[in-house]
Structure formats: C-alpha cells, structure tokens
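First comes the structure, then the notes that go with it.
The values are calculated or read from the model by the stated rules, or taken from the named source; none is laboratory data. Since the model is a prediction, treat every value here as computed from it, not as a measurement. Note: ideal-geometry Cβ built from the backbone for every residue, glycine included; neighbour counts use all protein chains shown. Ligands, DNA and RNA are stripped out before the accessible areas are found, and what is left, the full protein with its side chains, is counted by its heavy atoms. Shrake-Rupley method; radii C 1.70, N 1.55, O 1.52, S 1.80 Å.
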Number of protein chains: 2
Amino acid sequence: MAAERLVVIGGDAGGMSAASQARRRRGPEDLEIVAIERGRYTSYSACGIPYFIGGAVTSTNELIARAPEVFEKDYAIGVRLHREAVAVDLDARRVTTVELGPGGSGRTIEEPFDQLVVATGAVPNRPALPGAGARGVFGVQTLDDGVAMDAYIEDRRPARAVVVGGGYVGLELAEALVAHDIAVTLVDRAAHPMTSLDPEMGAMVAGALREIGVRVLLEEQVRGFEERDGEVTAVVTRERTIPAELVVLGLGVRPDVRLAAGAGLEIGPSGGIAVDRRMRTSAPGVWAAGDCVQSLHRVSQRPVSIALGTHANKQGRVAGINIGGGYATFPGVVGTAVTKVCGLEVARTGLSSAEADAAGFRYTTAAVESTTRAGYYPGSQPITVKLIAERGAGRLLGGQIVGREGAAKRVDVLATAIWNGMTAEEVLSLDLGYAPPFSPVWDPVLVAARKAAEQV
Amino acid sequence: MAAERLVVIGGDAGGMSAASQARRRRGPEDLEIVAIERGRYTSYSACGIPYFIGGAVTSTNELIARAPEVFEKDYAIGVRLHREAVAVDLDARRVTTVELGPGGSGRTIEEPFDQLVVATGAVPNRPALPGAGARGVFGVQTLDDGVAMDAYIEDRRPARAVVVGGGYVGLELAEALVAHDIAVTLVDRAAHPMTSLDPEMGAMVAGALREIGVRVLLEEQVRGFEERDGEVTAVVTRERTIPAELVVLGLGVRPDVRLAAGAGLEIGPSGGIAVDRRMRTSAPGVWAAGDCVQSLHRVSQRPVSIALGTHANKQGRVAGINIGGGYATFPGVVGTAVTKVCGLEVARTGLSSAEADAAGFRYTTAAVESTTRAGYYPGSQPITVKLIAERGAGRLLGGQIVGREGAAKRVDVLATAIWNGMTAEEVLSLDLGYAPPFSPVWDPVLVAARKAAEQV
C-alpha cells in the first residue's frame, strides 16, 4: 500500500494535470492516485465542440487529449469513469461517490484520501424558463452535450435554430450551425455580442455574423420555449416568437462549487473556490484547480472566475507539483481570450472600458486601424486595435483586437505587456518582429500604443 | 525666415520620421526643415525588394510609404532629391552637398543648419573581389538596386543565379529568383544560413531552401567572379566554379558613418554613430537615427548596430520629438527579427547560443516541437521553439522559432518577455490567447518555457 492516497474529483484539464504532475514527482509506491469522473471521457477539449458540430473536426476522438487507459497504463492513475462525487467529509478524509450508468448500479462507494484535488469544473447557466427541458434544447458544456447535439442535427435535420447568448461559444456555434445550412437566429439580451469587448468592437462581431446570414437580435431577452410532444418548436422573447427546431443555450458558466461548498471549503466573492497561489483551498491537504476556482486578476487585483482550459491546465500543473513535493505558483490572469467567428478574429486582454470603470480607473482609449502585413504584401488584412491606458501613469489596462487572418494572436504582446505593468510609452518602443509578410513597419499594436501614449 | 533651420541627411525611414515629428511640434515659421536625399525616393521599404523581384509586389510604387511631394505639401518639408551630402562642418554649421544626375550639374550647394539629423543609413558589405564590378552582379540595398535587378532579369532572362550570403535578404532573394524559374545556388561561408540562429534551427532553413530546389553550398567562400565582355559568367569559390548570369550579393550591411566620422562625431564600438537615449550624438544640436547608429542591446547590455526599418522609424520619431521640444527616448533593442522563406517562418529574439557565450552567460537551452493551432483544428502547422535561459536565475536570454504559417510572430511574446527580464518560470504562467484556431491549450511558447524552467 502506498504511503498516501490522492483523490482527484474531475477527470478533465485541471484534475488530470494535477494527477499527472503529482505522479511525475511521486511513484505509485509513495502515492496512490485515483481520479473520479462523472462522464465517460478524460482530458478533452470542450473548446473544440463548436468545430466538431461545424464539421471542421470530424470525430470527438480528436478532441480527447488523453484517454483514461493512457492515464491508467502510463501514469498508474486509477480512473473511475461514470462515478459522481456527491459528498466530501474533510474530517473523515473521504469522498462519497455513486456509480452512474451505463450499467451503473447506483451503488455508493467511499473513496478515502490523504490529499484531495477538487476539479469539478463549471456548471452552465440555465435559466429556469418554461420549456427549457424540451428535446432539442442543448447546452454545450460537455463533450456529451456536443455528441448529443450532433446526433440530433443528423437525425432531425432542423431547418431553424436559435442560439441564446452571444458569448464566445454561442457565436462559434451560430457559425457552426450555418455550416449545416440551418437558418440561425442569435438572441442576446446585451446591446452587442461578446460583452467582454467594448461596444464598437462587439458591433463589428455582430456585423460579421449578419454577413454570413445570421439574424442577430440584441437587447432581447428569452422568456421561455414552446414545445410540442416534448420537442422544442419556438423561442419566445418579449418581442416575438421565433420558430426553431434546435435551441442552443450559450449563457456562460459559473464555477461548480456545490461539492466544495457542501464540504465547507471557502468560496470566494467571484463564486469560485478560494485558493492561494499554490492552489491550496482553505482546508489542509485539499487543493483545487480549473473552472471551479477563483483567480487573481492582475490588473484589477480582484478575484475573478474565468473558465478556460489554458488556466485549468496551468492551475492543475501547479497543484500537482506542490502535491508532489515541489514548489509552484499560479500568479493570476489578465483576462486574455481569443476566438474566430465568421472569418473574423477577435481578441481581448486586461480590462474592457466597462471593467476599468467598475475597477475605478481613470483611463483613455485609443483605437487604430491598420493591416496585418505590410500594406503592399499579398494577403494583408485589416486589423483594429483598441487600447485602454491609465490616465497620468499611462499604464496599459486593456486591449482589444478585431480583424482578419493574422490579427488575434497579436493580443499576446498586449497580454505580456499588461502582465508586466508596461505603460503605453514603453509598449510603443518594443522590439517586435518586422518583415513585410508579418507586419507593417510599425506593428498595429505599436501604432495603437503610440496613439495611447500621446493621450494619457 | 524661420527661427531655426533643421537639415536632415537621408530621406528614408529614420530621417523622414525625424523630420515629420519635428514638424508636428513646430510650424514652418519656427522651424525650416530641409531633407537631403542622394537617390530619387523618400521613405521606401527596402525590406520589400525581394517581394518585388519575386513578383508578389508588382510595382515599386507600392514600396514607397510617402512620396517627396507629400512631404513638401503636407508637411512643408523641403526635399532635395539627387543631392549628396559630402561634408559636414560642425563649427560653421553647414552641410556641403552636391547635385547628382539625372540632369545634375555636379554643382556644390551649402546647406546651413542649426540642428542636424544624420540618417545616412547603411552601406552594403562588398568584398574587393576580382570581377565584383561586372554587369549582372547586384546588391540589394536600395530601391534602385531592386529596379536595376528586375530590369536585368526581364532583359537577359538569366538561367542561372548565385546568391552570395545566407542572411535574411539573401534567402528571400533566392526564393524570389526561383519564382522566375532561375536555377539558384546559395553560397555561404558559414556552416548554416542565418547565422543569427543556432545551428540546428539554421539547418531547418537550409532544408527548406533545398526543398524548393535551391542548391545550398555551405562553408564555402567566394574568391571572385568570372566575366566576359564585362558581364558576369561565373562565381569562383575555393571548391568550384559556378556558372551564373546573375549574382546577388547579400553579405549584410554596416552603418554608413563616413560623413559622421568625417565631421568628427563619435563612432561607437559597434561601428555605428554613438547616440544617447534621446538620439543625440556627441555634438550639440546634432542627432542621428536609423541604420547608421548604434543601439543598446538590452540583454547583453552591449552596443549593437542592427539595420532594420522598424528601429529606424522609432529612432527617427524619438529624434524628431526631441528636436520639436518634446521628450522621448529609444530604450534599445532585443534583436528581434523575422522572415518567411520557402513557406518557412523564421524568427529570433534576444541572444543566440553563440551570442550568449560571447556575452559570458551561463545558460541552458530548451527546444520543443508543437503545433500552431490545436492539433485537431484544420490547418494546424508544425512549429519548433527554442529558448535560451540563464542558469540559476532562469532569466530568458533568447528565443528562436522555425515553423509554418502562424509560427513566426509568436516571437513577439518572447521579445516582450525578454524586454521585461522575465524568467522562464514567469513566462510559462503568461495568460496568452487560447482557442483551437490559434493555439494548442498550452501555447508552443509556453511549452518551451515550461521545459526551460525545469532545467535552469
């Protein structure tokens, strides 16, 4: 028997990164590792679901980074699929789990632990609206959701779909459904899609959606769903009734802290599990990682919960190294996000204008239009960069990019600059790569910084 | 008459940026501005010449950022084309210039100044080899060089070409000549092309050249050129004679400091004009900018001379703001460079292994292979990232990237990280943009940083 037993709740990015890293540092004789996963997959890319639905990715297998057998065989990590953790007793050091289908007995199994990683992920926001349980209404949180939606499309060939919610996943799915020749309506209660962007940047995204034929209804709230024989037939808003055989709910997610809260772990103001930089929760020997935790936003210095695989992987790695006896920290986030929708590349980092307002900053904004390559180089594409800089000090608070091929990943320079607290004046001096196939002689990011520096 | 007179020597990026910025801050009644340019163009993109030769850019007009008339009309800057500055008298505050052809009289004209900007650019390295003056032997320094080479190709339809020198411009031109169905041989005395890369990264570039049919001869030195009737017929190395009707010399450039040195301005150890952070030379009221100056390398803390339009523009801007009564500084470079050759994207920043050795660093290197997008996302391309990190401290010293579409501009994150003195451990935590069309969940740059962090 191993000296210690580690139980990981949640077999996706955060949990399995923690498990793998712990294993790298402690062998099976020293540390037994068991991962509890409710579904039937481990370590998959939920972010890939829209591309599976759209057909760019042909099989869900491609979305699975590492299968359970790999963890079992190569890492000596016991993976318990179709097993739901329903309670954690911190004093007794055990997790109560239930066997689920297929073929699940409903049997209760106790899993004792010395160390515990809570990686329960996020739970989709699902308003309690009449008809929300009808067939044809889908979330897009898990790979199973994606598989179910894909099968439904294949089977029913819906002619009309409504996507509720204009966040990243909602927009990506709207485009994916257009690829199936489905007439798509996007309904969002906000004034523009992607509310993490400033209004005029979000408006460009709405324009791109309309260009490919998506009907975009803004400032419109869904009140319920009509159904016939248990199947959805329409989406009802205050303004109208929109016929649809398929409804996708993309209303965002929140940390799934039900288990953690039940166990008495401290939940932070952002709604995520409170952790320190080493990913320790409020209870000794209990760690947390992934979409269920709260992170420090390095610009606002406030706690935030951002559900993103890249954070989950890093946080899991940090927890695993620490469990393994090493030392690692997760120093926070700056809110970077990118997506590609309707050929438009969209990116943001740091604070939006609204977020800067909320955080109490005085700031100036500078937006510039430029090109992704030298203007004369073939394939040069338009790009708009908007920066938000603190008045006086000139510190960069946020950046947003909307453009075509080659635009979005430029946000990484801004993310790195913001991470380091650089001012607009410092950013404009940066030695970025220049050659005609990659950039005008002044990179668009530098042009924006130059404009911001002149204003602060 | 204006209160002061500013003379700018050199009508390209550095000089005209300085002139424009000075004008923005001081009107014509306050500051008369005259720019002296030897050639017939102002503000053109020399970096675009290979794409003009290759046919991707169809007219040299596209390479001209701003024509002389625009400066005259919109900026009230007097532009004197076909005018060569031959001497500067700092005490008498005047530049001696000569009128060149076409229609040039050879007449001498004195240009008095209160303030002077020296922006004389770079001069190509041209070994004094027998036959180097033959027709068919071209440099690629100026737009006129490009125009002449293009006309020669059109006229003579050379079947065979030799490119001497495996730097950025040499490689870009080799590819451009292949596009003309010319059989191209590249001769470089180094063991791999692009000596600013580490050997194994440079070897990938050599491989890409060979793939498109370029004959690559390494560690081979050119001893001269054979000619018949004044026209080149072959390139002679120690090892062989290579028949060629066209020879391109891409042997790099060095700062053109003849005028500055003659005037008694201090020349730095890198061979460029010594300037402070505000672009002031050793003489009061005399500024310098562009390829002719020396810059601080922020990693080695040593002076370097790097000929690159992006630096010239920034330096010119800084000089112009200061001349205009403002305050701006150029805080140095980190040696970033990118290029695209034979479909391969190549980038480097900071110090190479050889440069780190020369600067006395103890370091470790970490190279990783990854993909530009999520592995399952269509169009995902290979990318190799190599990092050089200081032992112990873990500070990032340099980075190199070789890959396909979407690879090279990732160097900007490394350049920004190096600029800020980040360690590999800090870099791996960066909040970079993640979405399947743009990156694996661990960006290749972060994977490399993670590996480096484990080694330092």
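In the stretch B:253-287, what trypsin sites (Lys or Arg not before Pro) fall in a loop by DSSP, with at most 16 other Cβ atoms inside 10 Å?
In loop regions of the stretch B:253-287 (DSSP not H, G, I, E or B), the sparsely surrounded trypsin sites (Lys or Arg not before Pro) are B:277, B:278.
Can you give me the % of accessible surface on the stretch B:73-198 that is carbon or sulfur? Probe 1.4 Å, all protein chains present, nothing else counted.
Numbers: 2630 of 5410 Å².
Carbon-and-sulfur percentage of accessible area, whole number: 49.
Calculate the translational D of the protein assembly as shown in whole µm² s⁻¹ from Stokes-Einstein, where the hydrodynamic radius comes from the Kirkwood formula applied to all Cα pairs, the temperature is 37 °C and the viscosity 0.692 mPa s.
109 µm²/s
Take the solvent-accessible surface of the protein heavy atoms, probe 1.4 Å, and return the percent of it on the stretch A:337-454 that carbon and sulfur atoms account for. Don't skip to the answer; put the middle values down first.
Values: 1410 of 3060 Å².
Carbon and sulfur atoms account for 46 percent of the accessible area of the stretch A:337-454.
Relative contact order for chain A: what is it in percent, counting Cα pairs under 8 Å that are at least 6 residues apart?
Contact order relative to length: 14 percent.
Only helical DSSP H runs with n ≥ 4 go in: add -39500 (n - 2.57) per run for chain A, normalise by residue count and round the 222 nm mean residue ellipticity to 500 deg cm²/dmol. Each step should come with its number before you reach the end.
Numbers: 12 runs with 117 residues, N = 456.
-7500 deg cm²/dmol, from helical runs alone.
Just give the residues from the stretch A:42-81 buried by at least 10 square angstrom of accessible area in the all-chains context relative to the isolated chain, probe 1.4 Å, and say none if nothing qualifies.
A:45, A:47, A:51, A:56, A:57, A:62, A:63
Considering only DSSP beta bridges where both residues belong to the protein assembly as shown, give the percentage that are antiparallel (nearest 5).
60 percent
In a shell of Cβ-Cβ distance under 13 Å around residue B:273, excluding residue B:273 itself, what net charge do Lys and Arg (+1) and Asp and Glu (-1) give?
Around residue B:273, the surrounding residues sum to -1.
When N is the residue count of chain B, what does its C-alpha Rg come to as a fraction of 2.2 N^0.38 Å?
Computed over Cα atoms of chain B, the ratio equals 1.03.
What shape does the stretch B:188-307 take by its C-alpha gyration tensor, where a ≥ b ≥ c are the square roots of the eigenvalues and a/c under 1.5 counts as rounded, a/b above b/c as prolate, and the rest as oblate? Mind dumping the intermediate values first?
Numbers: a/c = 3.51, a/b = 1.74, b/c = 2.01.
It comes out oblate by the Cα gyration axes.
Across chain A, how many lysine pairs, 8 or more apart or on two chains, come within less than 23 Å at their alpha-carbon atoms?
Here the count comes out as 6.
Restricting to bridges with both residues inside the stretch B:126-251, how much of the DSSP beta-bridge set is antiparallel, in percent to the nearest 5?
35 percent
Work out, step by step, the length gained on full extension between residue A:215 and residue A:129: first 0.36 nm times the residue separation, then minus their alpha carbon distance; give nm to one decimal.
Roughly 28.7 nm would be gained on extension.
Say each of residue A:25 and residue A:74 gets a label point 7 Å from the Cα, pointing the same way as Cα to Cβ; how far apart are those two points in nm?
2.1 nm
Can you give me the accessible area per residue for the protein assembly as shown, using a 1.4 Å probe, in Å²?
Accessible area per residue: 37 Å².
Give, in nm to one decimal, the length gained when the segment between residue B:107 and residue B:226 is fully stretched (0.36 nm per residue of separation minus the Cα-Cα distance).
Full extension of this stretch gives 39.1 nm more.
Each residue of the stretch A:150-157 in turn: what ³J(HN,Hα) in whole Hz from Karplus with 6.51, -1.76, 1.60 and θ = phi - 60°, glycine and Pro shown as x?
Result, ordered by residue: 4, 5, 5, 5, 4, 7, 9, 6 Hz.
Take the alpha carbon gyration tensor of the stretch B:124-191, find the square roots of its eigenvalues, order them as a ≥ b ≥ c, and report rounded if a/c is under 1.5; if not, report prolate when a/b exceeds b/c, else oblate.
Rounded shape, in that the Cα axes give a/c under 1.5.
Need one number: nm distance between label points at residue B:191 and residue A:152, each 7 Å from Cα along Cα→Cβ, rounded to one decimal.
6.2 nm
Just add up the charged neighbours of residue A:22: K/R +1, D/E -1, any other residue whose Cβ is under 12 Å from the Cβ of residue A:22.
Overall, the nearby charge balance is +2.
Give the B-A buried accessible area in Å², both sides summed, 1.4 Å probe, nearest 100. If you can, show how the numbers build up before the last one.
Working: alone 19500 and 19480 Å², together 33620 Å².
Interface area, both chains combined: 5400 Å², rounded to the nearest 100.
Could you run the Karplus curve 6.51 cos²θ - 1.76 cosθ + 1.60 with θ = phi - 60° over the stretch B:204-216 and give me ³J(HN,Hα) per residue in whole Hz, x for Gly and Pro?
For the stretch B:204-216, the Karplus-derived couplings read 5, 5, 4, x, 5, 5, 5, 4, 8, x, 6, 7, 10 Hz, x marking Gly and Pro.
Normalised by the number of residues in the stretch A:126-251, what is the relative contact order in percent for Cα pairs under 8 Å and 6+ residues apart?
Computed over the stretch A:126-251, the figure is 35 percent.
Once phi is turned into θ = phi - 60°, what whole-Hz ³J(HN,Hα) does the Karplus curve with 6.51, -1.76 and 1.60 give for every residue of the stretch B:228-233, x standing for Gly and Pro?
Each residue of the stretch B:228-233 in turn: 9, 6, x, 10, 5, 10 Hz.
Where both residues lie in the stretch A:174-325, what percent of DSSP beta bridges are antiparallel, nearest 5?
70 percent
Which net charge results for the neighbourhood of residue B:7, defined as the other residues with beta-carbon distances under 13 angstrom from its beta-carbon, given Lys and Arg at +1 and Asp and Glu at -1?
Every neighbour counted, the sum reads -2.
Loop only per DSSP, at most 12 neighbouring Cβ atoms within 10 Å: give me the trypsin sites (Lys or Arg not before Pro) in the stretch A:73-173, ordered by residue number. Before the final figure, lay out the partial values.
On the way: sites: A:73, A:80, A:83, A:93, A:94, A:107, A:135, A:156, A:160; in loops: A:93, A:107.
Counting only loop positions with at most 12 other Cβ atoms within 10 Å, the trypsin sites (Lys or Arg not before Pro) in the stretch A:73-173 are A:107.
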